[in-house]
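**Student:** Shown below is the structure under consideration.
Every number in this text was worked out from the coordinates using simple rules, so none of it is lab data. What you see is a predicted model, and the numbers here were worked out from it, not measured in a lab. Neighbour counts run over all protein chains shown; Cβ positions are idealised from the backbone, glycine included.
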Amino acid sequence: MSDDRNRLGFLQPATQFPPKIGLRSPAAPLLLAAVTDQSFFPTSEILGARGDQQSAFHERAADTRTRRFGRQVFLRGVVEVSNYCRENCSYCGMRRDNRQLSRFRAQFNQLAELLIQFRPASITDLNIQTGEDPVVIRELVLPLVELLRRETPLGVSVCLGTLNKSLYRELRSAGASIYIIKFEIADPRLYTRMRAPGTFRERVEHIRLLAHSGWNVSSGFIAGLPDQTDADLLANFALARELPLDGCSVSPFIPGDETPLSGAPTADIDLTLNCMAALRLMRPDWVIPAVSALNLAEPGCGYGRGLRTGANLVTINLTPSELRGDYLLYKRDRFIMTEERILSAISAEGLIPSKQSLAGFYQQRKIDRLLSRSRTVEAAAV
Ligand code: SF4
């Protein structure tokens, strides 16, 4: 190992080795090479980095984000429109076996008024999220997507679980373009043991199906689950790398109230942040969110640290306050990311809200890629 590298093979901070995008010599530094040719893949040692090594690693990831996306982060609103769920994931308080939870479906008129007249000016996109509740799709989600596309400039994302092809088509026709569907756990045995949604195979098939039918797909996995081995954790990166994704999240495991895992320990925030940094280095052009659960894993600073690992998407919670408490992904005592908290968190990191919507960004990127491909074909034909 050269003197320029630390114990994990990372380079010393970027100031000493200015990045040269597009260049790779045999002596190219390990992480610089990863940033430029997407060959980076984490090891257990990297995911276990702490102290100065971890800081240098996160700095590299944040620099990579800045080179690809500048200082801009996408700002999306989310509304949680139903907490009914037909699934029974062991790590989630909205699982169907939780009989203590009072279930709700939001009212169309209430959401319409909120989103058309009173939404924060800073958001460019809206995500509509539910438990896996096909009933609410027809009753509320489809008309809401149509309304938003007709009455606002917002890009529309949905996070609705595994549905059927016909509902996916109707949602696309209504104007949604981004589907968030986390694979949650890449090891099929752990997936089954945690009773994650449906079957592992079906989940992965649906991710591919959605991407191949024109959706921009963002997925995600959980770090720090009970019994998750190093190999299980690394399998998440291997699967994410293979899937046709535009983005991916890492959620720290939080022992949810009213779940079979309520007594298990919370995920290690450092492990979670290292996973986020590794994702950024593995796929520099992905959109990677800072999830609000980072502040449950490390109250007060988890979220800010997430932004420092190269995240470039933040979410403002717009669920009507009387419904939020029953959207029990983790704990009843939720840490709600309001517009004020989000703007102050990103400003503290020297980041600024993107004026372009995430949906618009993806659309532009598709066009650019098509043009670039057609130019390559033309050049080859000359
Ligand atoms: S994680 Fe999603 S699918 Fe699983 S129980 Fe919770 S809301 Fe339902």
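**Student:** Based on the mean of other beta carbon atoms within 10 Å per residue, what is the order of 136-146, 73-83, most packed first? All intermediate terms of the calculation are to be shown ahead of the outcome.
**Tutor:** On the way: 136-146: 19.6, 73-83: 24.2.
Per-residue mean Cβ counts within 10 Å order the peptides as 73-83, 136-146.
**Student:** Follow-up. Using the alpha-carbon atoms, what tilt in degrees (0 to 90, nearest 10) does helix 339-348 show relative to the longest principal axis of the chain?
**Tutor:** Roughly 10 degrees between the two axes.
**Student:** Once you put a point 7 Å from the Cα of Arg86 and another 7 Å from the Cα of Asp257, both along the Cβ direction, what distance in nm separates them?
**Tutor:** 2.8
**Student:** Among Pro244, Pro353, Leu281, which residue has its Cα positioned farthest towards the positive end of the charge dipole of the chain, with +1 placed on the Cβ of Lys and Arg, -1 on the Cβ of Asp and Glu, and the dipole taken about the Cα centre?
**Tutor:** Going by the Cα projections, it comes out as Pro244.
**Student:** Still on this structure: For Ile316, enumerate residues with amide H under 5 Å from its amide H, sequence gap 5+ or separate chain, H modeled in the peptide plane.
**Tutor:** When sequence neighbours closer than 5 places are left aside, the close amide H contacts are Arg76, Gly77, Val78.
**Student:** Now a separate question. Relative to the longest principal Cα axis of the chain, at what angle does helix 165-174 sit, 0 to 90 degrees, rounded to 10?
**Tutor:** 90
**Student:** Next question, about the same structure. R0 = 41 Å: FRET efficiency of Gln110 with Thr376, Cβ-based, nearest 0.05?
**Tutor:** Details: r = 50 Å, r/R0 = 1.22.
So the FRET efficiency works out to roughly 0.25.
**Student:** Quote the Stokes-Einstein diffusion coefficient, in whole µm² s⁻¹, for segment 259-380, based on the Kirkwood radius over alpha carbon pairs, a temperature of 20 °C and a viscosity of 1.002 mPa s. Could the numbers behind the result be given before it?
**Tutor:** Working: Rh = 16.9 Å.
The diffusion coefficient I find is 127 µm²/s.
**Student:** Amide H to amide H under 5 Å from Asp285: which residues, 5+ apart in sequence or cross-chain, H placed 1.01 Å off N in plane?
**Tutor:** Long-range HN contacts for Asp285: none found.
**Student:** Let me ask something else about it. What length, rounded to one decimal in nm, is gained on full extension from Asp97 through to Glu151, with 0.36 nm per residue of separation minus their alpha-carbon distance?
**Tutor:** Working: separation 54, 0.36 × 54 = 19.44 nm, distance 3.85 nm.
Length gained, Asp97 through Glu151: 15.6 nm.
**Student:** Pull the list of the chain cysteines that no other Cys approaches to under 4.7 Å, Cβ to Cβ.
**Tutor:** When partners are defined as cysteine Cβ atoms under 4.7 Å apart, the chain leaves Cys85, Cys159, Cys248, Cys275, Cys301 without one.
**Student:** Moving on. Compute the distance in nm between two label points, each set 7 Å from the Cα along the Cα-to-Cβ direction, one at Val135 and one at Asp230.
**Tutor:** According to this spin-label approximation, the distance is 4.8 nm.
**Student:** Suppose every Lys and Arg Cβ carries +1 and every Asp and Glu Cβ carries -1, with no other charges. What dipole size does segment 69-363 come out with about its Cα centre, to the nearest 20 debye? Don't skip to the end; give the middle numbers.
**Tutor:** Working: 33 positive and 32 negative charges, 93 e Å.
Charge dipole, segment 69-363, about its Cα centre: 440 debye, nearest 20.
**Student:** Say a paramagnetic label sat at a point 7 Å from the Cα of Glu242, along Cα to Cβ; which residues of segment 157-200 have their backbone N under 12 Å from it?
**Tutor:** The answer is 186-188, whose backbone nitrogens lie closer than 12 Å to the label point.
**Student:** Tell me which residues come under 5 Å, amide H to amide H, from Ser249 once H is placed; ignore anything under 5 positions away on its chain.
**Tutor:** For Ser249, the qualifying residues are Ser219, Gly220, Phe221.
**Student:** Just from its helices, what would the mean residue ellipticity at 222 nm be for the chain, if runs of 4 or more DSSP H residues each count -39500 (n - 2.57) and the sum is divided by every residue, rounded to the nearest 500 deg cm²/dmol?
**Tutor:** -12000 deg cm²/dmol
**Student:** Hey, another quick one. Starting from 0.36 nm per residue, how many nanometres of slack lie between Arg195 and Glu322 once their C-alpha separation is accounted for? List each step's numbers first, then the result.
**Tutor:** Numbers: separation 127, 0.36 × 127 = 45.72 nm, distance 2.93 nm.
Taking 0.36 nm per residue and subtracting the Cα distance, the gain is 42.8 nm.
**Student:** On average over all directions, what projected area in square nanometres does segment 105-175 have, based on the convex hull of its Cα atoms?
**Tutor:** Details: hull surface 17.8 nm².
Its Cα hull, projected and averaged over all orientations, spans 4.4 nm².
**Student:** While we're here: Angle between the Cα long axis of helix 108-117 and the longest principal axis of the chain, 0 to 90 degrees, nearest 10?
**Tutor:** Helix 108-117 sits roughly 50 degrees off the main axis of the chain.
**Student:** Label segment 69-363 by shape, choosing from rounded, prolate and oblate, from the square roots a ≥ b ≥ c of the eigenvalues of the Cα gyration tensor; if a/c is under 1.5 it is rounded, and otherwise prolate applies when a/b is larger than b/c, oblate when it is not. Working shown, then result.
**Tutor:** Numbers: a/c = 1.25, a/b = 1.11, b/c = 1.12.
Rounded.
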